[in-house]
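Visitor: For reference, the structure I am asking about is given below.
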Amino acid sequence: MQIVQILIGAALLGFGRKGLGLFLGALGLMLGVVLVTMYVHPASSGLLVAAMVLGGGVGLVVGLFVQKVAVGLAGILGGGYAGYAFALSMGWIHGQFPWIAVAVGALLGLILAVIILKWALIILSSVAGSYLLVDAFGLTSSTATAVFVVLAIAGIVFQASSDKPKRTAQ
């Protein structure tokens, strides 16, 4: 189990932002193990593996199929409403619906939602991966805090810099 925790922690720390599916799959896997060990005493290794597969599979499916739709819809609706509220506050509504303000707001909301999601995934996956690694190695509290902070910062920096285009020599 410790090896699995280390592998998941390292994957989240380095590549968690690459997809919500990986992040939710890893969290679902760990949640499955936690629930089984909490409610079944003693838990057989077969039951632990089944909980890992089931929890990871559910997290992966939810991450892959729901994420893009939910984020896009939230951005469009929130941005569209903000555009409507802006048009209303500016006095642009005189018996007609302000389609242009709503459309511009919806587009900006969609773009903002995608940008915020990227950073949320980077930060949350780095923190979760750091926690899993620190917990797997069973460090003392003072050492664990320092290692946790260093790993989380390293994960955030690594993931944030991994999508920058590489310069080519000319």
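Since every read-out is calculated from the coordinates, none of them should be taken as a lab result. Quick caveat: nothing in here was measured; it's all calculated off a predicted structure. A quick note on method: Cβ atoms are made from the backbone with ideal geometry, for glycine too, and the neighbour counts reach across all protein chains shown.
Visitor: Can you pull the one-decimal nm distance between simple spin-label points at residue 45 and residue 160, each 7 Å off the Cα toward Cβ?
Guide: About 4.2 nm separates the two model spin labels.
Visitor: Using alpha-carbon pairs under 8 Å, 6+ residues apart, how would you state the relative contact order of the chain in percent?
Guide: 29
Visitor: Okay, next question. With a 10 Å Cβ neighbour count serving as the proxy for reagent exposure, in which order, fewest first, do 145, 140, 37 appear?
Guide: With the sparsest Cβ surroundings first, the list reads 140, 145, 37.
Visitor: While we're here: So if I place +1 on the C-beta of Lys and Arg and -1 on the C-beta of Asp and Glu, and nothing else carries charge, what would the dipole magnitude of the chain be about its Cα centre? I want it in debye, nearest 20.
Guide: Computed about the Cα centre, the dipole is about 440 debye.
Visitor: Given the -39500 (n - 2.57) contribution per DSSP H run of 4+ residues, what per-residue ellipticity at 222 nm results for the chain, rounded to the nearest 500 deg cm²/dmol?
Guide: -29500 deg cm²/dmol
Visitor: What FRET efficiency comes out for residue 10 versus residue 73 if R0 is 41 angstrom and r is the Cβ-Cβ distance? Round to the nearest 0.05.
Guide: Efficiency at R0 = 41 Å is approximately 0.80.
Visitor: With the crude spin-label approximation of a point 7 Å out along Cα→Cβ, what separation in nm comes out for residue 54 versus residue 66?
Guide: Roughly 1.7 nm, to one decimal.
Visitor: Let me ask something additional. Anything in the chain that counts as a DSSP H helix reaching 27 Å or more along its axis (C-alpha) with Kyte-Doolittle mean of at least -0.5? List them, would you?
Guide: The answer, listed by residue number, is 20-39, 45-89, 99-137, 141-161.
Visitor: Given that compact globular proteins tend to follow 2.2 N^0.38 Å, what is the ratio of the alpha-carbon Rg of the chain to that value?
Guide: Dividing the Cα radius of gyration by 2.2 N^0.38 Å gives 1.37.
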